[in-house]
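First up is the structure itself, then whatever we jot down about it.
The values are calculated or read from the model by the stated rules, or taken from the named source; none is laboratory data. Only a predicted model underlies this, so the values are computations on that prediction, with no experimental measurement involved. Methodologically, a virtual Cβ is constructed for each residue, glycine included, from the backbone with ideal geometry; neighbour enumeration extends over all protein chains shown.
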Amino acid sequence: MSLQKQQILNKEIDSFDFQSGGEASSDLKNILRKLGVPSKIVRKTAIITYELEMNVVIHSLGGEITALISEDELEIRVDDSGPGIEDLDKAFTAGFSTASDEIREMGFGAGMGLVNVKRYADQIDVKSSKDAGTHVKVIINLAN
Amino acid sequence: MTRKHSVLLKEEKCEGCTNCVKGCPTKAIRVHQGKAWIKEDLCIDCAECIRACEYHAKYTKTDQLEKIVKTSDYPVLLIPPSFYSQFSAEISSQKIKKAIQNLGFRAVFDVAEAAAALSRKTLDFLNNNQGSYISTSCPVIVRLIKLQFPDLIEMLIPLKSPVELIAERIKRKFKEEKNINPDIFFLTPCPAKLTTVNRAIGQKESFLSGAIGVENIYQKIYESLADIELKTEAGRVITLATIWGSEGGEEGILKSWQELNTLSVSGIKEAKKLLNEIERNNIPDAIRYFELTSCTNGCIGGVLNVINPFQAQFNLEERIKKIREITQAHNLDFEKDDDQFYNFALSESITADNVSKLDSDFKKAMQKLEQLQKEIDILPGLDCAACGAPDCKTFAEDVVNGRASRADCIFMLRKQLGKLADDLSILAHELPPVMASQKEESDDS
């Protein structure tokens, strides 16, 4: 049973906007601290959100991030319009990346993005296909 | 009454400007009734407000030499590596130490000795543990982590700072060998170290009795140097670990013994940026050790120092060169039985300072969060600080927490006045029914 969730964050993410990339992650982190969420969970969330946010910045044509919370669950949704992920299994393989050489030179695209998200998330659901954008839903348990 | 912090306000000098409010990295200052007050639970003693204040209203009150010499039976002073940056390298360290001792101390010791030992222990710790660690030596950084990055507390290396290490050792040594209980004081370059005297980090109590700011006794030391004649003896030259006084000193020592991936960052703003990146896993795992100092350029940039940090950096580098010349080599032994002399482990765990939550009840916190968003939405977002808070978001939080009133914002006040004026004018044009009917009657006739 999950209680009614309330939206605590909604932010647009622009494609290739490396300047503001990471802001949603910082904002969410601050909000969770204000709500008294334990620091281990705050850290997990910061890592997950940052990865997903940067995926939108690097791979998509832009999108948005939404966070909803109830007393026992945190839900993070990241939806983008873009090329989508052709092979989801590959995307969850460590080291696999479709990032361009330019992006790799910037230190991104190590192929650990979704792998890390999966590692820290309690549930993850990715819906995507070619040219249909990517829609990620992550659940983080808050109840002990 | 013991003070929680070492940075204080000289009320009569405070103009109520918001320079310090804006510059505070933890948003700990609010101007209230024309004076900039520090919120104790948020202050980390970084001294940025002392740097920001053009009216010198923020200051640190350290222990007074005269009082120490008069009241203590056996005062001992610890000299930090950074102190040597306050003098030209031409003046020998022995001479400087002698001058300090002449002020009335029974003995003086170099903290750098313990710094060298701590470096050996740190390397040993890194070689026997996996993961990345953050230096625990700068108390401001530790407090910043406790306050704003509590999830990184586990990365703090659980070893005492060099000052505490040497203070503990001296206390034990004097007790065992001479049955003396010395009062140990630290010659501090920063207010933060003074704060640790009353609020130790990872220990129940500090081994220090107090701290004297460099600025308090520099002049006296400098003046007495001319009267001291001493020959430099190679065996008594200070350790190369004196380089700890400047940024990158600690990592430099570690790297002189073993190849190691480290990163050093100085300045509170930069340190915050780095911690933020570490928090979201955006720093390579390959970096094993982070040396972070709150003051730009490291401890030589401490606000209680006298010499400007650029000259200080030069002085320290020159002195290091000299040490190498005199000792003909590296006088930093890698192998030493430090555990015999020092008790490295912190006796208590470092805990989080949870002050950012809006309410300890989740539902109430959610309600306040909603209220907070509403407040933020109606505020102008100019971050002008005229309300006394550093920015609109912080002000909104103060309002939600009942620590400020919405009308403290001059734009909100103007809006309210405008509305009041509109209401007044509407009311002024409304005639009482009696008058209105009279008017109608006269129109009819």
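Only residues that are part of a strand (DSSP E or B), buried (at least 21 other Cβ atoms within 10 Å of the Cβ) and of a type in the set (A, V, I, L, M) were counted in segment A:54-78, giving 6. I'd like to know if segment A:86-96 contains one or more residues that are of a type in the set (Val, Ile, Thr) and buried (at least 16 other Cβ atoms within 10 Å of the Cβ). Scanning segment A:86-96 turns up no residue that is of a type in the set (Val, Ile, Thr) and buried (at least 16 other Cβ atoms within 10 Å of the Cβ).
Going residue by residue through segment B:38-46, is there one that turns out to be more than 28 Å from B:SER405 (Cβ to Cβ), buried (at least 21 other Cβ atoms within 10 Å of the Cβ) and of a type in the set (D, E, K, R)? Yes: segment B:38-46 contains one or more residues that are more than 28 Å from B:SER405 (Cβ to Cβ), buried (at least 21 other Cβ atoms within 10 Å of the Cβ) and of a type in the set (D, E, K, R). Based on what the data block shows, is B:ASP337 free of Cβ contacts under 8 Å to residues at least 12 places away in the same chain and either over 20 Å from the mean Cα position of the chain (by Cα) or crowded, with 18+ Cβ neighbours inside 10 Å (or both)? For B:ASP337, the condition - free of Cβ contacts under 8 Å to residues at least 12 places away in the same chain and either over 20 Å from the mean Cα position of the chain (by Cα) or crowded, with 18+ Cβ neighbours inside 10 Å (or both) - is met.
For segment B:170-190, a residue qualifies if it is surrounded by 24 or more Cβ atoms within 10 Å (Cβ to Cβ) and touching a Lys or Arg at 6+ places or on another chain (Cβ under 9 Å), and the qualifying residues are B:ILE184, B:PHE186.
Within segment B:114-149, being assigned to a helix (DSSP H, G or I) and small (Gly, Ala, Ser) holds for B:ALA114, B:ALA115, B:ALA116, B:ALA117, B:SER119. Counting only helices (runs of 4 or more DSSP H) that sit wholly inside segment B:389-445, those with at least 1 residues that are at pLDDT below 95 and of a type in the set (Ser, Thr, Tyr) are B:410-429, B:433-444. Summed over segment A:24-44, the residues that are surrounded by 22 or more Cβ atoms within 10 Å (Cβ to Cβ) and among the polar types (S, T, N, Q) give a count of 1. Would you be able to say whether some residue in segment B:372-393 is closer than 30 Å to B:GLU176 by Cα and either in contact with a helix residue (DSSP H, G or I) (Cβ under 6 Å, 6 or more places away or on another chain) or not polar (S, T, N, Q) (or both)? Checked segment B:372-393: no residue is closer than 30 Å to B:GLU176 by Cα and either in contact with a helix residue (DSSP H, G or I) (Cβ under 6 Å, 6 or more places away or on another chain) or not polar (S, T, N, Q) (or both).
Identify the residue in segment B:69-95 that is of a type in the set (A, V, I, L, M, F, W, C) and at pLDDT below 95 and, among all such residues, is surrounded by the fewest Cβ atoms within 10 Å (Cβ to Cβ). If we take residues in segment B:69-95 being of a type in the set (A, V, I, L, M, F, W, C) and at pLDDT below 95, then B:VAL69 is surrounded by the fewest Cβ atoms within 10 Å (Cβ to Cβ).
Mind checking whether some residue in segment B:355-362 is away from chain A (no Cβ under 11 Å), surrounded by 14 or more Cβ atoms within 10 Å (Cβ to Cβ) and either in contact (Cβ under 8 Å) with a residue 12 or more places away in the chain or under 30 Å from B:LEU152 (Cα atoms) (or both)? Within segment B:355-362, none of the residues are away from chain A (no Cβ under 11 Å), surrounded by 14 or more Cβ atoms within 10 Å (Cβ to Cβ) and either in contact (Cβ under 8 Å) with a residue 12 or more places away in the chain or under 30 Å from B:LEU152 (Cα atoms) (or both). Taken as a whole, the condition of being in contact with a Lys or Arg (Cβ under 9 Å, 6 or more places away or on another chain) and within 14 Å of another protein chain (Cβ to nearest Cβ) does not apply to B:PHE87. Could you say whether any residue in segment B:330-339 is at pLDDT 95 or above and either within 13 Å of chain A (Cβ to nearest Cβ) or within 30 Å of B:ALA200 (Cβ to Cβ) (or both)? Looking through segment B:330-339, none of the residues is at pLDDT 95 or above and either within 13 Å of chain A (Cβ to nearest Cβ) or within 30 Å of B:ALA200 (Cβ to Cβ) (or both). The condition (being among the β-branched types (Val, Ile, Thr) and part of a strand (DSSP E or B)) is satisfied by just one residue among B:ILE184, B:ILE221: B:ILE184. Please determine whether any residue of segment B:244-262 is touching a residue at least 12 places away in the same chain (Cβ under 8 Å) and in a strand (DSSP E or B). Within segment B:244-262, one or more residues are touching a residue at least 12 places away in the same chain (Cβ under 8 Å) and in a strand (DSSP E or B).
Number of residues in segment A:15-29 that are touching a Ser or Thr at 6+ places or on another chain (Cβ under 8 Å) and modelled with pLDDT of 90 or more: the value is 4.
Listed by first and then second residue, the pairs with beta-carbon distance under 9 Å, at least 6 apart or on different chains, first residue in segment A:34-57 and more than 15 Å from A:ASP122 (Cβ to Cβ) and more than 9 Å from chain B (Cβ to nearest Cβ), second of a type in the set (D, E, K, R) and not in a loop (DSSP other than H, G, I, E, B), are A:GLU53/A:LYS11; A:GLU53/A:GLU23; A:ASN55/A:ASP80; A:VAL56/A:GLU64; A:VAL56/A:ASP79; A:VAL56/A:ASP80. When B:CYS392, B:CYS409 are checked against the criterion of being over 26 Å from the mean Cα position of the chain (by Cα) and either more than 14 Å from chain A (Cβ to nearest Cβ) or exposed (fewer than 11 other Cβ atoms within 10 Å of the Cβ) (or both), a single residue qualifies: B:CYS409.
When A:LYS90 is tested against the conditions (1) in a helix (DSSP H, G or I); (2) closer than 20 Å to A:LEU142 by Cα; (3) of a type outside the set (A, V, I, L, M, F, W, C), the lone failure is (2).
One residue alone among B:GLU251, B:GLU317 is outside the structural domain of B:ASN401 (by TED's automatic domain parsing), closer than 18 Å to B:SER161 by Cα and either crowded, with 21+ Cβ neighbours inside 10 Å or not aliphatic (A, V, I, L, M) (or both), and that residue is B:GLU251.
Results for (1) in contact with an Asp or Glu (Cβ under 8 Å, 6 or more places away or on another chain); (2) more than 22 Å from A:LEU28 (Cα to Cα); (3) among the aromatic types (Phe, Trp, Tyr), shown as yes or no for each residue.
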residue	(1), (2), (3)
B:SER360	no, no, no
B:ALA365	yes, no, no
B:LEU369	no, no, no
B:ASP377	no, no, no
B:GLY381	no, no, no
B:ALA386	no, yes, no
B:THR394	no, no, no
B:VAL400	yes, no, no
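Do you know which residues across segment B:277-296 are within 14 Å of another protein chain (Cβ to nearest Cβ) and either among the hydrophobic types (A, V, I, L, M, F, W, C) or in contact with a helix residue (DSSP H, G or I) (Cβ under 7 Å, 6 or more places away or on another chain) (or both)? Answer for segment B:277-296, where residues must be within 14 Å of another protein chain (Cβ to nearest Cβ) and either among the hydrophobic types (A, V, I, L, M, F, W, C) or in contact with a helix residue (DSSP H, G or I) (Cβ under 7 Å, 6 or more places away or on another chain) (or both): B:ILE278, B:GLU279, B:ARG280, B:ASN281, B:ASN282, B:ILE283, B:ALA286, B:ILE287.
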